[in-house]
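To start, the structure under review is shown below, and the notes come after it.
Values in this text are rule-based calculations from the coordinates and carry no lab data. Since the structure is predicted, the reported quantities are computational estimates derived from the model, not experimental observations. Cβ: placed from backbone, ideal geometry, glycine included. Neighbour counts: every protein chain shown.
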Amino acid sequence: MPAWSDLMASMGRQPRYTLMRGAARFAAVRQSVGWCRRWAHRAHLDPFLRQCEDSVSDSAFRALDRPAFVRELREQGIAMGLQLPASVVQQVRAFAQSHPCFADREPERGFHLPAREAAQAALGKPILVAQYFNTESQCEAVQRLSRDPVLLWIAGRYLESTPTFVGANLWWTFPVDASASDRDRHAHLFHRDVDDFRFFKFFFYLTDVQPGDGAHVCVAGSHRRPPMLRPGDRWNIRRYSDDEVTRCFAAERIVEICGPAGTGFAENTLCVHKGRTPTREPRLLLQLQYALFDYGVMHDRRPASTLRMLA
Ligand SMILES: O=C(O)CCC(=O)C(=O)O
Ligand SMILES: [Fe+2]
């Protein structure tokens, strides 16, 4: 199908999101919209931050050096150092054990974890990614995290605006021999996200992640310096091969993030990044996304009537 018909279909389904993706690939547009939003929210931001500060004792991340974290996120496009309490990891893991996840993030491809083999047989292919739906409304721990005062403070400071929570996403990545198209579709090839004029994501591992367990990989600093290998690459949104990324960036900038269950970090995924396809153990990841505007495309809400089980 030619690209223009994809674009027209996308305009029909999600006009605001499609227009934003066209415009926000230009740094000058991102900056201008960011400044306008900062100006529009100038009277609201400080009271919002103060409100977060007043509730820090309710946070799971009370001890975090918040200003240093935001500085790191600005400069490097990624900031490490979050750690979920063990009880929160346990609650999200318990949710994941007791609710169905959905292969390829498709609502009609549900299965419970013990039925993964049967689901693969029904689907006729290995399942690389399976995502939960309606996590915020069904998992209290996820809902609490999305409103955590320290995370909200970071979001407000970083976005320079009262932040909009645009979605929670919780998904498994399984160690399978996945097709090239599934690896592409599920962000296992290097890419940059253009999800809003300003946005970023918190990532939390709910399983131990060591090399081979599907670590997230990010090129620190690349939010300000996209790889420029082909004409138009400054603005293009495309996948990059590993070879292109190693040609463009020093090895020490390409960071593979490993850590025990509970490890968390924030990333402006305008940075070049990908998930590795696991070769050893499955990875369970929770992502919380904050932005200026909500286009309704990032959240995991699906009407119960649309959900179907594969196995
Ligand atoms: O699975 C991963 O680590 C990558 C996910 C990704 O590309 C994203 O959340 O934007
Ligand atoms: Fe991404």
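Quick look at the values:
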read-out	value
Cut-off 10 Å between beta-carbons: net charge of the residues surrounding A187, Lys and Arg +1, Asp and Glu -1	+2
Debye, to nearest 20: dipole size of segment 56-138, +1 on Lys, Arg Cβ, -1 on Asp, Glu Cβ	100
Dipole magnitude of the chain about its Cα centre (Cβ charges: Lys, Arg +1; Asp, Glu -1), debye to nearest 20	820
Neighbour net charge for R30 - beta-carbon separation under 13 angstrom, K R +1, D E -1	+4
GluC sites (Glu not before Pro) within segment 86-144: DSSP coil, no more than 12 neighbouring Cβ in 10 Å	E108
Contour minus Cα-Cα distance for H191 and D58 (0.36 nm per residue)	44.3 nm
Spatial separation of Cα centroids for segment 270-311 and segment 1-80, in angstrom	18
Ellipticity estimate at 222 nm from DSSP helix runs (n ≥ 4, -39,500 (n - 2.57)) divided over the chain, nearest 500	-10500 deg cm²/dmol
For segment 264-277, 3J(HN,Hα) per residue [Karplus equation, 6.51 cos²θ - 1.76 cosθ + 1.60, θ = phi - 60°, Hz, x = Gly/Pro]	x, 7, 10, 8, 7, 7, 6, 4, 5, 7, 6, x, 7, 6
Sorted by Cβ neighbour density within 10 Å, fewest at the top, the residues K201, K125	K125, K201
Cα gyration tensor shape of segment 170-284, rounded if a/c is under 1.5, else prolate or oblate by comparing a/b with b/c	prolate
In range of the label at R74: residues from segment 182-224 whose backbone nitrogen is under 18 Å from the point 7 Å along Cα→Cβ	198-201, 221-224
With at most 15 neighbouring Cβ atoms within 10 Å, loop chymotrypsin sites (Phe, Trp or Tyr not before Pro) (DSSP) excluded, longest segment of the chain	27-234
Distance between segment 155-179 and segment 84-135 - C-alpha centres, whole angstrom	17
Gyration tensor verdict on segment 51-93 (Cα atoms; rounded if a/c is under 1.5, prolate if a/b is larger than b/c, oblate otherwise)	oblate
Theoretical FRET efficiency, 1/(1+(r/R0)^6), r = Cβ-Cβ of A115 and Q143, R0 22 Å, to 0.05	0.25
Amide H partners (placed H, <5 Å) of R238, local residues excluded	R192
Net +/- balance of residues flanking P149 in space, Cβ distance below 14 Å, scoring K and R +1, D and E -1	+2
Cα shape, the chain, gyration tensor, a/c 1.5 rule	rounded
FRET E, pair D233, Q31, Förster distance 30 Å, beta-carbon r, rounded to 0.05	0.95
